[in-house]
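Everything below concerns the one structure shown next.
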Amino acid sequence: MRRSERKRTDPDLGVLTSRLLFAVQEELFTTLAERGHPDLRPQHGAVMAYLDAEGTRATDLARHSGQHKQVIGKLLDELEALGYVRRLPDPTDRRAKLVVPTEKGLDHMAESDAIMAAMDARHAEAFGAQRYADFKRMYAELTDRQRAWRPRG
């Protein structure tokens, strides 16, 4: 069997994960565009998905999203220019900055949460609430295990 055929009929974890990610992103960002946020791209999720309404340090955004600080910095520049976030001094550490959502950013966050909740509800209805909850729990555990992987040596 050819590799491409095997990937279609018996996909590995990486293929399944990317298929799910891209399908979720397509629905999320298409719906966000319909709801007044047409200028965002999936890459912006590395910031917006981990941003707290009270503000979050860029280093924490990088750690939670798994992205390099330089990538987060570039995304923050874009999101600031688009009016979704602003950078303010961190009141607990004068050397640090907090990334704080603007009103536009807060609206985006609320819309994203609603869209994702609707996706969850749709899948829970299709698979059964308990089965879907079990899947999400296992998927979260699998993700944690994979993120904890370190090369031997």
Query - Subset of segment 73-102 [within 16 Å of residue 41 (Cα to Cα), of a type in the set (Val, Ile, Thr) and part of a loop (DSSP other than H, G, I, E, B)] - result: none
Query raised in the report: Only one of these conditions is not met by residue 59: (1) of a type in the set (Val, Ile, Thr); (2) closer than 20 Å to residue 119 by Cα; (3) exposed (fewer than 15 other Cβ atoms within 10 Å of the Cβ). Which number is it?
Result: (2)
Query raised in the report: Would segment 25-44 turn up any residue that is at pLDDT 95 or above, surrounded by 16 or more Cβ atoms within 10 Å (Cβ to Cβ) and within 27 Å of residue 91 (Cβ to Cβ)?
Result: yes
Report task. Return a yes/no flag: does segment 103-112 have any residue that is under 21 Å from residue 18 (Cα atoms) and in a helix (DSSP H, G or I). Result -> yes
Report task. Would you please list the contacts, defined by Cβ atoms under 6 Å and residues six or more apart or on different chains, that run from a residue in segment 62-78 that is closer than 11 Å to residue 51 by Cβ to a residue that is of a type in the set (Ser, Thr, Tyr) and part of a loop (DSSP other than H, G, I, E, B)? Result -> 64/50; 65/50
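Which residue is farthest from residue 52 (Cα to Cα), if the candidates are limited to segment 88-103 and must be without any contact (Cβ under 8 Å) to a residue 24 or more places away in the chain and surrounded by 11 or more Cβ atoms within 10 Å (Cβ to Cβ)? Even if it seems obvious, please write down each step before you answer.
At the first step, the residues of segment 88-103 found to be without any contact (Cβ under 8 Å) to a residue 24 or more places away in the chain are 89, 91-95, 102-103.
Now restrict to residues that are surrounded by 11 or more Cβ atoms within 10 Å (Cβ to Cβ): 89, 102.
Numbers: 89: 15, 102: 11 Å.
Looking at residues that are without any contact (Cβ under 8 Å) to a residue 24 or more places away in the chain and surrounded by 11 or more Cβ atoms within 10 Å (Cβ to Cβ), I get 89.
The values are calculated or read from the model by the stated rules, or taken from the named source; none is laboratory data. Predicted model only: the values in this text are computed from it and were never measured. Glycine also receives a Cβ, built like all others from the backbone with ideal geometry; neighbour counts cover every protein chain displayed.
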